[in-house]
Amino acid sequence: PGWDHEISADPAEMKAICDDSKKIQAAMGNVHRTVSADEEAKKDKFRRSIVAATDLKKGTVLSEEHFDYKRPGTGIPPNEYTYVAGRKLKEDISADTLLTWKHFE
C-alpha cells in the first residue's frame, strides 16, 4: 500500500460516493430548460417595461429619475434604460405611460 492508503475510499465507500452523486444529478434535473407554451403566452404579463415616473413635457431630455418600471412587459425592457437615457421626447406624455421608441426624437 502507498502513503495515501489510509485516506483512500474502499470499494463500499466508492460505491456510496457514486450512488450519491447519481442521486444528486437526478435531483438537479435537466440543465436545458424549455419554456412551455403556457409560460410563453404569459411572460409579458410578468415582465416589466419602462414607464414615465411623472408627467413629462415635449423636449425633456430623459434621465433615470424620469423612469419607473411596471408591468406589463410589452414596452422597452428595464435593462435597456441606458439607450433611453439622454434621448429627447418628441411629445408630452403622462405619468405611467409605457415608453416606446416612437416617443423619442
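Throughout, read-outs are computed from the coordinates displayed, never taken from laboratory work. For clarity, every value in this text was computed on a predicted model and none was experimentally measured. Backbone-built Cβ (ideal geometry, glycine too); neighbour counts: all protein chains shown.
Data overview
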quantity	calculated
Positive-end residue of Ala53, Pro72, Ala85, charge dipole of the stretch 47-103 with Cβ unit charges	Pro72
Dipole in debye (nearest 20) - the stretch 47-103, about Cα centre, beta carbon charges: Lys, Arg +1; Asp, Glu -1	220 debye
Student exercise, the chain dipole from Lys, Arg, Asp, Glu Cβ charges, in Debye to nearest 20	780 debye
Nonlocal amide H pairs with Ser49, under 5 Å, H built at 1.01 Å	Lys70, Arg71
For semi-axes √(5λ) of the Cα gyration tensor in Å, calculated from these coordinates, the label among [x] 25, 16, 12; [y] 57, 18, 9; [z] 19, 17, 16	[y]
Förster-model FRET efficiency, 35 Å R0, Thr97 and Asn30, C-beta, rounded to 0.05	0.25
Antiparallel %, DSSP beta bridges [both residues in the chain], to 5	100 percent
Reach of Lys58 by Cα under 20 Å, taken over aspartates and glutamates that are not fewer than 8 positions away in the same chain	Asp68, Glu91, Asp92, Asp96, Glu105
Computed E for Lys70/Asp38 - FRET, C-beta separation, R0 22 angstrom, nearest 0.05	0.45
Length-normalised contact order for the stretch 47-103 - Cα pairs under 8 Å, 6+ apart - percent	50 percent
